[in-house]
Every structure is written in C-alpha cells, then in structure tokens.
Amino acid sequence: ERLKTAVDKLNELFPELGIKIDDETGKWNLNTQEIRDNIDALKLRYEAEAYYAAASDTQKQIAQLEAESRAYRENAKTLKDQRDALQDFVDKKRDANEALQATWSSYNQGEISAKQYYAALSQLSGEEITTWKQAARYYTDQTNMFDTAYNNLRSMNAEYDATVKTVQEYDEKINALRGDVDYFYDQAEQRQKEYAKKQQKTAITDYPKEIR
C-alpha cells in the first residue's frame, strides 16, 4: 500500500514517467536510477518549455512596443515637418522684425522724426503709413506675429525633442528585449539538446514543443 501511494504520488507529479507496479513482482517497472534519469530529463524538458514560453511572451512585448513606437515616430515626423515650416517662416521674418524693432528704437529715442518713422514703416510694409494709428497697428501686428511664431517654434522644438527621446527610449527597450529573446532561445535549445540525449536512455518519448 505504501508503494502504491509512492507510485501514485510520482505519477501525479510526473505523469510522463508512466510508473507502474508489476502485478507479479509487486515492484515498480523502473528502477531507482531510471526514475532519477527520467526526472532529470523531465526537468530539462520543462526548463526548455519555460524558456520557449518566455521567448514567446517577450516577442509579444516587443510587438506591442513596436506598435507604440511607430505612433511616436509618425508624430515625430509630423512635428518635424511643422517645425521646419515654422522655422522657415521665422527665418524669413527675422530680418524684417529686427529692422522694425530698430526703427522703433530710433524713433523712441528721438533719433528720427515721426515722418521718418512712418516712411521707414511704409518701406517695411510695402504700404503707405502716414498716421500714428496706422504705425501703431502695423508695429503691434508684426511684433505679435513674430513673437507668436518664435514662441511656437520653441514649444515645437521642445515637443519634437521630447518625442525623439521617447522613440529612442522605445528603441533601447526593444533592443534589450530582443537580447532577452536570443538568450531565452539559446537556453531553451541547450536544454532541448541535453533532453534529447537523456531521452534516448529513458522511458520518455515526447519532445518539448518548439515554438521558435
């Protein structure tokens, strides 16, 4: 009865062993060394399967990260196009804005008269400016436009840089996980080879399912 209990327990833990009690001899069909060899082989098989499963799970993580990374890459490309267009606009307006500010400074410091100031603004705008109201409106509109574009450019640069950094972080994570996958497969294949050698000497006939 004790032997039967022990056999039942072993078969519960390792059903692949197929241990049975011989009806004639009352002993189990495998000797102690054979059981140990089978258990060692099963251990290798289970380890191989565990590494294959880890590799599969890691590949799923990689696929998810790659999908997320693509969204950031597309966003980075869009931001770059918008930033470049805005940079061109700012570059083209920079000289005009500097000239506008210099003209205002000269007028404000009394270096030029109101008439000269209006004439300078007329030349910058391409339209005749003859009153203070026209001059003030032109100066305010042009200054606000340039400042808004410049500030937007700074914000866009910061957003683009942050997005590129996020893409780089994704790449680092993905590359690290790919290294993990290679490691898992290497470990699994080593154990599968060892298992195959031991399997030839034991009663176990099934091989771990390779998922690579």
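Below is a table of values for the structure above.
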quantity: Largest-first principal axis extents, alpha carbons of the range 80-212, Å; calculated: 107, 23, 17
quantity: Linear extension gain, residue 169 paired with residue 150, 0.36 nm per residue minus alpha-carbon span; calculated: 4.0 nm
quantity: Solvent-accessible surface ranking, highest first, for 118, 107, 195 at 1.4 angstrom; calculated: 107, 118, 195
quantity: Net charge of neighbours whose Cβ lies under 12 Å from the Cβ of residue 105, counting Lys and Arg as +1 and Asp and Glu as -1; calculated: -2
quantity: Neighbourhood charge, 12 Å Cβ-Cβ cut-off, centred on residue 66 and excluding it, Lys, Arg +1 and Asp, Glu -1; calculated: +3
quantity: 92, 60, reordered so the largest accessible area comes first (probe 1.4 Å); calculated: 92, 60
quantity: Solvent-accessible area per residue, Å², over the range 59-212 with all protein chains present [probe radius 1.4 Å]; calculated: 67 Å²
quantity: Distance between the range 147-204 and the range 68-136 - C-alpha centres, whole angstrom; calculated: 47 Å
quantity: Out-of-range pairs (alpha-carbon distance over 22 Å; input 77/165; 60/80; 92/133; 43/173; 80/165; 43/197); calculated: 60/80; 92/133; 43/173
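The values are calculated or read from the model by the stated rules, or taken from the named source; none is laboratory data. These figures come from a predicted structure and were not determined experimentally. Cβ coordinates were reconstructed from backbone atoms using ideal geometry, including for glycine residues, and neighbour counts include every protein chain displayed. Side chains included, ligands, DNA and RNA excluded: accessible areas come from the protein's heavy atoms. Shrake-Rupley method; radii C 1.70, N 1.55, O 1.52, S 1.80 Å.
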